[in-house]
Amino acid sequence: MLIAKDLKKSFFHPSKCDILKGVSLTVNPGETVAIMGPSGVGKSTLLHILGTLDQPSGGSLKIAGRDALGDQGALLRNQHIGFVFQNYNLLDEYSVLENVLMPSRIGRLGGKEEEAKRLLLEVGLEDHLHHLAKQLSGGEKQRAAIARALCNNPDLILADEPSGNLDDTNSDRIHDILISKAKSLGKGLIIVTHNHALAKQCDFTYNLHGGVLELAESSHD
Amino acid sequence: MSLIALMSVGVISLVVWLVLVFLSVTDGIEKNWLKKLTSLNAPIRITPTEEYYHSYYYQVDSISNASDYRYKSIGEKASALLTDPYASDEDQAVPRRWPEKLSNKDGSPKDLVKGAFGIIDNLQLTAQDYEVSGAVLKLRMVRPQGILFSQSQERGQGYLTQVSYISSFTGKSPLLPTLIETPRMEDLNHLFFLADISMNGVSEDTPEEVEQVSVAEFQSRLESLLSNMEIQRMKMTSHRWQALAALLPEGEEFDVYAPIKNGMISQIVFPMSPKEGSGKLKKSQGRLHYVGRDGSSHTVSFSVPLYLEGRLSMEATLSHFEKKGVKALSDFRFHVKALLQGREILGQVPWEGIEVEQAKVISHFEKTPQVMPPWPYFIGNEAYLPDGDTPAVVLPKHFQNSKVEMGDVGYFSYGAATSSSVQEQRLPVRVVGFYDPGVMAIGAKIILTQPELVHAINAASQSLFDPNMVNGIQVYLDDLGSAKEVKEQLDAAFQKEGLSSYWNVTTFHEYDFAKDLLQQFQSDKYLFTLIGGIVLIVACSNIISLLVILVNDKKREIAILSAMGASKKSIALIFTLCGGIMGTLSTLIGTGAAMLTLHNIDSVVSFLSFLQGHDAFNVVFYGKSLPNQLSNHALIFILIATPIISLLAGLVPAVKATKLHPSQILRSE
């Protein structure tokens, strides 16, 4: 589903810095992957490259069998990738339901309303459908963001420290939802996190260190 | 943000409004000028060529007894009974150098003028022959010379001289009714004033005493006037009006000032509105009684002058009169009604010390009127000059600035060539009206008069003018735009009939006196549109600043949409459309406002005039009111230019939005 080979990323300002020196990663449907590492090591950069939000300096990336580094990034993001960000990134002026429906509207996919409501019911936001996103609490916002990420039925969910801004109770709930949804729906899940407990729940845990991804733990072992 | 958007839409709407109103008004003015230009000079002229003047057909009149050995004008040729008036038994021999006679296929003589008119008729065009000449116009202006506060009607006279072109009055011109001015009230009053003044001696050099006409002539002049107008309001000519005594209601008190000298009231002055004066005046049993504030009481003799502080304006209806009984204006009676000091006064007064303030003038008739008005009139669509012993002239309206009024008389002076010298000839004329010559430099000097008069002057002073300039046929069109097409049809028809070498067909685009003006109109139009476009671009650049701010403000939202799969193209489209929508909205608002403004243009002009303290637009150039039609040219320009410029303005922020890096933005958030 996702095959990254030898991904490299360098920044040239203020001076040249190779943040990724050849990262390779494969994620199959239903697999959950945690990427850990100290702050500033390039975890989020890697995640954004894997999600086609950023371009690598070198290497190759295939998502759902298609080359993800060409000009089809937007289409891939819309149809095959769902994002969950640390700071939720909902559109504050829209209702929760509209936020969840936004990817399908962008992809001009009709008849998704029932699906969106079902997802919101599953994340426990059935009473907040028509509330503006800005009126929700942090935990609620992240649950709405997960519903949004799932609405277009993507193959891959990319989560960038999804519980970074949440208390333990909400964090656990978010982790449970993410892992269980990925497993039950057969989605690939890549989570960038500092949370070891969450990493333990994943099938694979990688450490990003010195611009290279190292497998730290595997449930298959 | 929405406030800035609203301001941007407001600014563009304002510019759209301004450009539309400006272009519409200038376009309308240009059309009016063009209309005036072509109504006086017709959009198409057919003029004889040199070959026509050298032809046997033209020259033969000069050796024919039947033509009085005189060249004929086109008008005379058109109505002549004989195409070839030459009779070999009584006229001199035809000179050898003359060209051959022209004949039709059947051997009959070829008539160049009737042939031309035949072609015009076949094409169902309206046409009329015209002639232009030149002379010096000298007008004698008899004016009342009243002394302030007196009712005496002394008459003085002044003179006005102007070198002028004289053109035949072409009554068939369909636009003439819009050019001829309706008589003004001062014209009507002047006609009444002149009703008993004789034209005798008008062509003399030494000023004669003003003579009076016979009673019968006076009566017929008044009949001509009164049969073709309805007097609605009269006003006092000076502050003194003795007839006021008859109008004061019995028993009512009026505030007055009454100076008393040697125990006698010397005059009574009425304020127009109730105002504390020196006492009160009351009419009782037909007599006026004055009671001063000091308690003194006087009976006012009828000889005491009555004055008003202002000039009373009153509703007036002319009482029935017998024509034969009228020997002076004062023999007429009016039923009048007015307000003095807030109270109604009414009654019957003679025509003394009052003049016409408002009247309905009749100049359009279905059929020939029984009594002709003394001004130009219309029967159906055709215009006519009033008949009379003295030929009528219609002057360009700027003569009004020199205080020329209808009814003034004078003469045309021109040189008549004899075998040994040039002698001055004088033809008396009478001013019967004014017309609007438009903006042509030459227009202000053209006097319209009866064709016979023009031809008489031309015939006498023929050598002074280029024959091509002075005589021709004017063709009138409803649609100026079809002028070139009609010219082609005429050319083809003349060619077919073998007349093309005798006639030149020209459209108004080629008239010498109009060419420069038309070119100027065209470049003005381009210039104004260019200026409008530049102002529009400046206004629409607002959209760029607004949307660039919007892009900066909505960076996070743009990045979120991008993360959810919105393509760069669709993000760019959002901002481009924003620009387009703002432009379209502004166009609609501005166009609506422009239509509203044009609909009420007169009120706007009055307001501008009020602000400036004088007329904002000179009547001489722009007419009585500005054009109020939305110009198609301007509308199309605005409807296309504004949305396009706005759309282009929207492109700049749209490109900026696509250059954003969602990854960086989402991380920094």
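In table form, for the structure just shown:
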| read-out | value |
| --- | --- |
| Translational diffusion coefficient (Stokes-Einstein; Kirkwood radius from C-alpha pairs) of region A:2-218 at 10 °C, 1.306 mPa s, in µm²/s | 91 µm²/s |
| Proximal charge balance of B:Leu346 [Cβ under 11 Å; K/R count +1, D/E count -1] | 0 |
| Helical segments meeting 20 Å axial Cα length and Kyte-Doolittle -0.5 threshold in chain B (DSSP H) | B:2-41, B:512-553, B:568-599, B:632-658 |
| Exposure proxy order (Cβ contacts within 10 Å, fewest to most) of B:Met406, B:Met264 | B:Met264, B:Met406 |
| For A:74-87, mean number of other protein chain Cβ atoms within 10 Å | 4 |
| Lys, Arg +1 and Asp, Glu -1 on Cβ, resulting dipole of chain B about Cα centre, debye, nearest 20 | 2880 debye |
| Chain A - percent relative contact order, Cα under 8 Å, separation 6 or more | 30 percent |
| Cβ-derived FRET efficiency at R0 25 Å, B:Asn552 paired with A:Lys134, nearest 0.05 | 0.80 |
| Pairwise FRET efficiency - B:His398 versus B:Gln157, Cβ, R0 = 25 Å, nearest 0.05 | 0.70 |
| Amide H contacts under 5 Å for B:Phe365, placed H, 5+ residues apart | B:Phe378, B:Ile379, B:Gly380 |
| Alpha-carbon Rg with Dmax, taken over region A:72-161, Å | 11.9, 37 |
| Sequence-distant residues sharing a close amide H with B:Lys283 (under 5 Å, placed H) | B:Gly251, B:Glu252, B:His289 |
| The protein assembly as shown: C-alpha gyration tensor shape, a/c 1.5 cut-off, then a/b vs b/c | oblate |
| Net charge dipole size for region A:107-183 [Lys, Arg +1 and Asp, Glu -1 on Cβ; Debye, nearest 20] | 320 debye |
| Inter-probe distance in nm under a simple model that places probes 7 Å from Cα toward Cβ, at B:Glu452 and B:Leu588 | 6.6 nm |
| Top positive-direction residue, dipole computed over chain B with Cβ charges, set B:Ala417, B:Leu340, B:Ile560 | B:Ile560 |
| Derived scalar couplings ³J(HN,Hα) [region B:420-436; Karplus, 6.51 cos²θ - 1.76 cosθ + 1.60; whole Hz; x for Gly, Pro] | 10, 7, 10, 10, 6, 10, 10, 10, x, 9, 9, 6, 10, x, 10, 9, 9 |
| About the Cα centre, charge dipole magnitude for region B:270-366 (Lys/Arg +1, Asp/Glu -1 at Cβ), debye | 340 debye |
| Fewest-first ranking of B:Leu6, A:Leu189, using other Cβ atoms within 10 Å as the exposure measure | B:Leu6, A:Leu189 |
| Region B:226-306: mean projected area of Cα convex hull, nm² | 6.8 nm² |
| Inter-probe distance in nm under a simple model that places probes 7 Å from Cα toward Cβ, at B:Ile260 and B:Lys323 | 5.4 nm |
| Inter-site label distance for B:Thr178 and B:Ile636 at 7 Å from Cα along Cβ, in nm | 2.1 nm |
| Qualifying chymotrypsin sites (Phe, Trp or Tyr not before Pro) for region B:46-138 [loop in DSSP, other Cβ within 10 Å: at most 13] | B:Tyr69 |
| Exposure rule at most 13 other beta-carbon atoms within 10 Å, DSSP loop trypsin sites (Lys or Arg not before Pro): chain B longest free segment | B:404-623 |
| Whole-Hz ³J(HN,Hα) from phi, Karplus 6.51 cos²θ - 1.76 cosθ + 1.60, for region B:301-315, glycine and proline x | 6, 5, 7, 5, x, 10, 10, 10, 5, x, 10, 6, 10, 9, 5 |
| Degrees separating the helix A:113-122 axis from the principal Cα axis of chain A, which is the longest one | 80 degrees |
| Share antiparallel - DSSP beta bridges, region B:258-397, percent rounded to 5 | 85 percent |
| Residues of type aspartates and glutamates that B:Lys656 reaches as a straight line, Cα spacing below 19 Å, ignoring anything fewer than 8 places off in the same chain | A:Asp54, A:Asp71, B:Asp553, B:Glu557 |
| Degrees between helix A:96-106 axis and first principal axis of chain A (Cα, 0 to 90, nearest 10) | 60 degrees |
| Residues with amide H under 5 Å from that of B:Glu357, placed H, sequence gap 5 or more | B:Arg233, B:Met234, B:Lys235 |
| Region B:90-136: GluC sites (Glu not before Pro) in DSSP loop, at most 13 other beta carbons within 10 Å | B:Glu90, B:Glu100 |
| GNM result for chain A, Cα springs below 10 Å: residue of A:Ile174, A:Ile106, A:Ile35 fluctuating most strongly | A:Ile106 |
| Chain A: angle of helix A:138-151 to the longest principal axis, Cα-based, in degrees nearest 10 | 80 degrees |
| Zone residues, region B:566-585, relative to B:Val655, backbone N less than 18 Å from point 7 Å out along Cα-to-Cβ | B:568-580 |
| Linear extension gain, B:Arg97 paired with B:Thr49, 0.36 nm per residue minus alpha-carbon span | 15.4 nm |
| Euclidean distance of C-alpha centroids, region B:652-667 and region A:44-77, integer Å | 17 Å |
| Entries of B:Lys31/B:Lys445; A:Lys5/A:Lys187; B:Lys36/B:Lys515; B:Lys35/B:Lys484; A:Lys16/A:Lys62; B:Lys172/B:Lys367 with Cα pairs more than 25 Å apart | A:Lys16/A:Lys62 |
| For region A:52-68, Karplus couplings with θ = phi - 60° (6.51, -1.76, 1.60), whole Hz, Gly/Pro x | 6, 7, 9, 9, x, 7, x, x, 9, 9, 10, 10, 6, x, 10, 5, 8 |
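Read-outs: derived from the displayed coordinates by stated rules, not from any lab. Quick caveat, the model's predicted, so the values are computed rather than measured. With ideal geometry, Cβ positions are generated from the backbone for all residues, glycine too; neighbour counts draw on all protein chains shown.
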